[in-house]
Amino acid sequence: QELAEAQQVYPQLEFAMLLDQKGQVLAHTDRTRLGQYVRDLPREASASLLARSEALVDVIAPAMLGGHAVGWARVGINQQVVREQLAAITRDGVLYALAAIAIGSFMALLMGNRLTRKLYAVRRVSETVRAGRPEARVPDLGGDEAGQLARDFNAMLDGLSSSEKRFTNIVNLATDAIISVDENQRICSFNTGAEQIFGYTAAEILGQLLDRLLPEHLAETHREHIRRFAAGPDAAREMNRRAEIHGRRKDGTEFPAEASISKVK
């Protein structure tokens, strides 16, 4: 009887009882039922579902002793309470799942933004270097993979800067004019020899069209020469040799010069 009454802590329990073989109530969660009889016992000593409805599930199982049935244990479960509990569990599960998704998404967003900011820092320095400021470097981004990428990127820029300085020093030692232009024929580099020959400083001429160094009456001829060279590898091989041209100094005077043109990749 104490065991039966102890089951009342479960809100979904409608009743619990212990019966003898004849169906007399030996213990019950409702003491007023003691000594009464139930008549719907199973014919065989096996667990059975006696009734099931929207409101109640009624189950019974034999009490065994030494391999023999000596009575029955019977329990009634309130379906409505169970459904409410399942609904609450489902609701809580959905809320927990949504909370977990929201927290996970928020953390992913923070981590993604953190990584993206670091990658954008590398990209900004890359664009700055491309715009003509080779001294730009990526700030310290920490010890993660993005930080290592930034350090490798800075090391690469340092190496390129060192190589470029050595190249510039070598080119500036030449007494010949060494000039490079981009695909639009704008001057990209102008060595010391070119400054001495043409009279312009590098600061004055960089970014200007190559035409500025050519006599106006011969500019079209020189442009055609360059167009033929850029037309393809066969033309480049044909044109990649020294030729007699005319140049124009800053003061407007013209002079004959021996020149060669080459593609730089």
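Would the range 115-131 turn up any residue that is over 30 Å from VAL9 (Cβ atoms) and exposed (fewer than 10 other Cβ atoms within 10 Å of the Cβ)?
Narrowing the range 115-131 to residues over 30 Å from VAL9 (Cβ atoms): 115-131.
Subset that is exposed (fewer than 10 other Cβ atoms within 10 Å of the Cβ): 131.
Checked the range 115-131: at least one residue is over 30 Å from VAL9 (Cβ atoms) and exposed (fewer than 10 other Cβ atoms within 10 Å of the Cβ).
Report those helices (runs of 4 or more DSSP H) wholly inside the range 146-265 carrying at least 1 residues which are open to solvent by less than 40 Å² (accessible area, probe 1.4 Å) and closer than 25 Å to VAL129 by Cβ.
Output list reads 192-198, 202-205.
Looking only at the range 110-120, decide whether some residue is among the aliphatic types (A, V, I, L, M), in a loop (DSSP other than H, G, I, E, B) and free of Cβ contacts under 8 Å to residues at least 24 places away in the same chain.
For the range 110-120, residues among the aliphatic types (A, V, I, L, M), in a loop (DSSP other than H, G, I, E, B) and free of Cβ contacts under 8 Å to residues at least 24 places away in the same chain: absent.
When you scan the range 7-29, how many residues do you find that are assigned to a loop (DSSP other than H, G, I, E, B), free of Cβ contacts under 8 Å to residues at least 24 places away in the same chain and farther than 19 Å from ALA55 by Cα?
Looking only at that region, the number is 1.
Return the pairs, sorted by first residue and then second, in which the second residue is open to solvent by 80 Å² or more (accessible area, probe 1.4 Å) and among the hydrophobic types (A, V, I, L, M, F, W, C), the first residue lies in the range 121-139 and is within 23 Å of ASP182 (Cβ to Cβ) and at pLDDT below 85, the beta carbons are less than 9 Å apart, and the residues are 6+ apart or on different chains.
These pairs meet every condition: VAL129/LEU160; PRO134/LEU160.
The values are calculated or read from the model by the stated rules, or taken from the named source; none is laboratory data. Remember, predicted model here, so these are calculated numbers, not experimental data. Reconstructed Cβ throughout: ideal geometry from the backbone, glycine too, with neighbour counts over all protein chains shown. To get the accessible areas, we keep the full protein, side chains included, count just its heavy atoms, and leave off ligands, DNA and RNA. Shrake-Rupley method; radii C 1.70, N 1.55, O 1.52, S 1.80 Å.
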